[in-house]
Amino acid sequence: MDHSQVPVLDALKAYHAQNLLPFTPPGHKQGRGADPRVRAVLGDPVFDADVLAVSGLDDRTSSQGVLKQAEVLMADAVGAEHTFFSTCGSSLSVKAAMLAAAGPHEKLLVSRDAHKSVVSGLILAGIRPVWVEPRWDPALHLAHPPSPEALLSAFVEHPDARGALITSPTPYGTCADLQAIATLCHERGVPLIVDEAWGAHLPFHPDLPTWAMDAGADVCVTSVHKMGSGLEQGSVFHLQGDLIDAKTLASRADLLDTTSPSVLIYAALDGWRRQMVEHGRALLDDALSRVRRVRAEIESIEGLHVNDREDFCAPGRAFDMDPLQVFIDLNGLKLSGYDAADWVRRHHRINLHTSDHRRINAQLTHADDDTTTARLLEGLRDLVAHADELPPAPDIRVPDPCELRLRQATLPRDAFFGDVEQVPAEQAVGRICAEMLTPYPPGIPAALPGEVLDRAVVDYLRSGVEAGMLVPDAADTTMATIRVSTRDVGAD
């Protein structure tokens, strides 16, 4: 295929060349109606490109098939059989994949380190989750993707499961043995769905972890805006094999998708595909060389340790890792990641990504250069120089693995939509949780609707919030109170 083509971008250019006069949404009419103060910040080109997809630029049902052409090119670029664009992020894409694999009250194996969007899918679909435990590092207090052996045990116990959903890479950049897990699924005639939101770049360089389609996954969901050059909310989901029907997957996506998709997001997805096919190998060569230097520089700063393969990929931990996710352990400085990230932002205007009770994270991509990494290193050196001015890491009571395994007493949907009450956190212990309680970042729920709350998880969330953790989806973000089901714990 000719990957110099960019169907969406070319159609947008042709749209402007035709001097079309719209009497359709969007109401700003290419910016003519937009407040000049808004245009001064966003720029006129944003409004020029914000056109109607249906009866404007094109859509799946229009005669020109612009979007379909772009999706076919994307599938060819990465070696998938089908690709679908989403302007609602991977949060929509992963829900569509789940709905295509299982229905109400049917079982789906799900790694317990799933993103909150997966839990939302369970709630909406009424799917019965069979939780598969991640691999837990008790020294670093960190969860890695589950092992193939854990999936096998779950399949043996639940032979009626309709498939499996694994997150890989995790927000910490660690990866599962997807090939072995895909084999387990296919031996049972069920699909493997991979939430690969953090892996848009993986198909384009051999030195990166194997991407889901090459490992044999049936559906792979990717957020191009995370590690690629897409705009926020730009997502693609890929399909191969015959365990999930392409028309079924498309119809499930249509249930959830917006009827007013953003041409801006489509165009960025289209352009990113061309960029990676033509230049991806060279761009990622540079990025990988740069991240090796950055990792070595950070490691040389006294008090800082960069987590590497020896930390994350040792026996019993992750199968592989993405080196572009640079996690910096602050245990030598006795600082919390929350305080360190706030200090670097306040004093150096640098936004770090994931922070937790003992780590901060700098996510590098092909967009970084020597200027951006030099500024990062300067900020980190200054952080160490002023470490004694920051408060010591507070006591966040991170539960042991056995305490993290909350019992699922009811379906997530039943707890979420059932009768609930808001009770003091102390009184929530032993009750059925009726909301998602999700530390952000990375967005992995510590407690889900339908799970029985225990003392360890409640203490973890409360002590974490006191230390700077955000739990934005809680009805009470201070965690002084928690929403629980009025149902008896024994009822199911």
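The values are calculated or read from the model by the stated rules, or taken from the named source; none is laboratory data. This is a predicted model, so every value here is computed, not measured. Note: ideal-geometry Cβ built from the backbone for every residue, glycine included; neighbour counts use all protein chains shown. Areas reflect the complete protein model, heavy atoms only, side chains present, ligands, DNA and RNA absent. Shrake-Rupley method; radii C 1.70, N 1.55, O 1.52, S 1.80 Å.
A simple count of charges around residue 77, restricted to other residues whose Cβ falls under 12 Å of its Cβ and scoring Lys, Arg +1 and Asp, Glu -1, yields -3.
Summarising the amide proton neighbourhood of residue 358: residues at separation of 5 or more, or on other chains, whose placed amide H is nearer than 5 Å comprise 337. In the context of the full protein assembly, residue 68 retains an accessible surface of approximately 100 Å², using a probe radius of 1.4 Å and ignoring ligands and nucleic acids.
So how far, in whole Å, is the C-alpha centre of the range 430-461 from the one of the range 91-160? Their Cα centres are 16 Å away from one another. Helical content alone sets the calculated 222 nm signal of the chain at -11500 deg cm²/dmol, taking -39,500 (n - 2.57) per DSSP H segment of four or more residues and averaging over every residue. Bridges between two residues of the chain, per DSSP, are antiparallel at a rate of about 70%.
The 3J(HN,Hα) values that the Karplus relation (6.51, -1.76, 1.60; θ = phi - 60°) gives for the range 314-322 are, in residue order, 5, x, x, 10, 7, 7, 7, 8, 8 Hz. Gly and Pro appear as x.
Across the range 258-375, C-alpha contacts under 8 Å between residues 6 or more apart give a mean separation that, scaled by the residue count, equals a relative contact order of 23 percent. Modelled label positions at residue 470 and residue 68, each set 7 Å beyond Cα in the direction of Cβ, lie 4.1 nm from each other. Classify the range 182-276 from the C-alpha gyration tensor, please: rounded if a/c falls under 1.5, else prolate or oblate depending on whether a/b exceeds b/c. It comes out oblate by the Cα gyration axes.
For the range 1-149, the Kirkwood hydrodynamic radius comes to 19.3 Å, computed from all pairs of different C-alpha atoms. Give me the percent relative contact order of the chain, please, defined on Cα pairs under 8 angstrom at least 6 residues apart. Rounded, it is 14 percent for the chain.
Based on every Cα atom in the chain, Rg and the maximum pairwise Cα distance Dmax equal 23.2, 66 Å. Evaluated at q = 0.19, 0.25, 0.26 Å⁻¹, a Debye calculation over the C-alpha positions of the range 361-416 (equal weights, vacuum) places log10 I(q)/I(0) at -0.83, -1.05, -1.07. Taken about its Cα centre, the chain carries a charge dipole of about 800 debye when Lys and Arg each add +1 at the Cβ and Asp and Glu each add -1 at the Cβ. Projecting the Cα atoms of 393, 363, 348 onto the charge dipole of the range 300-411, computed from C-beta unit charges around the Cα centre, puts 393 farthest toward the positive end. Along the range 265-270 the Karplus relation, 6.51 cos²θ - 1.76 cosθ + 1.60 evaluated at θ = phi - 60°, assigns HN-Hα couplings of 5, 4, 5, 5, 4, 4 Hz to successive residues, with x for each Gly and Pro. Tally Lys and Arg at +1 and Asp and Glu at -1 over the other residues with C-beta under 12 Å from the C-beta of residue 196: what net charge comes out? Local net charge: -2.
Over the range 347-492, the alpha carbon radius of gyration divided by the compact-protein estimate 2.2 N^0.38 Å works out to 1.29. Put simply, the amide H of residue 132, placed in the peptide plane, has neighbours under 5 Å in 110, 111, 112, leaving out anything fewer than 5 places away on its chain. What the range 320-384 shows is 39 Å² of accessible area per residue, with the surface traced by a 1.4 Å probe over protein heavy atoms. Cross-link reach is defined here as a Cα-Cα straight distance under 16 Å, omitting same-chain residues fewer than 8 places apart; for residue 95 the lysines meeting it are 107, 116, 247. In terms of overall dimensions, the C-alpha atoms belonging to the range 233-296 reach 47, 31, 23 Å along their principal axes, ordered largest to smallest. Summarised in one figure, the compactness ratio Rg/Rh of the range 95-230, Cα atoms and Kirkwood Rh, is 0.95. Globularity index of the range 324-422 is 1.48 (Cα radius of gyration / 2.2 N^0.38 Å, N = number of residues).
Label reach from residue 345 (point 7 Å along Cα→C-beta): in the range 450-476, amide nitrogens under 13 Å belong to 468-471. Which listed residue (87, 321, 288) has the Cα farthest towards the positive end of the charge dipole for the chain, taking +1 on Lys and Arg C-beta and -1 on Asp and Glu C-beta about the Cα centre? Positive-most Cα among the choices belongs to 87.
Cα gyration tensor of the range 105-183, axes a ≥ b ≥ c as square roots of the eigenvalues: rounded (a/c below 1.5), prolate (a/b > b/c) or oblate? It comes out oblate by the Cα gyration axes.
Across the range 220-271, C-alpha contacts under 8 Å between residues 6 or more apart give a mean separation that, scaled by the residue count, equals a relative contact order of 41 percent.
Solvent-accessible surface (1.4 Å probe) assigned to residue 469 amounts to roughly 10 Å². The Stokes-Einstein estimate for the range 137-196, based on a Kirkwood radius over Cα pairs and taken at 25 °C with 0.890 mPa s viscosity, is a diffusion coefficient of 203 µm²/s. Which of the three applies to the range 295-376, rounded, prolate or oblate, going by the alpha-carbon gyration tensor with a ≥ b ≥ c and a/c under 1.5 meaning rounded? Oblate, since a/c reaches 1.5 and b/c is not below a/b. Solvent exposure of residue 417, expressed as accessible area, is near 130 Å², computed with a probe of 1.4 Å over the protein chains only. In order along the range 194-201, the phi-based Karplus estimate (6.51 cos²θ - 1.76 cosθ + 1.60, θ = phi - 60°) of 3J(HN,Hα) comes to 10, 7, 10, 3, 8, x, 4, 7 Hz; Gly and Pro are listed as x.
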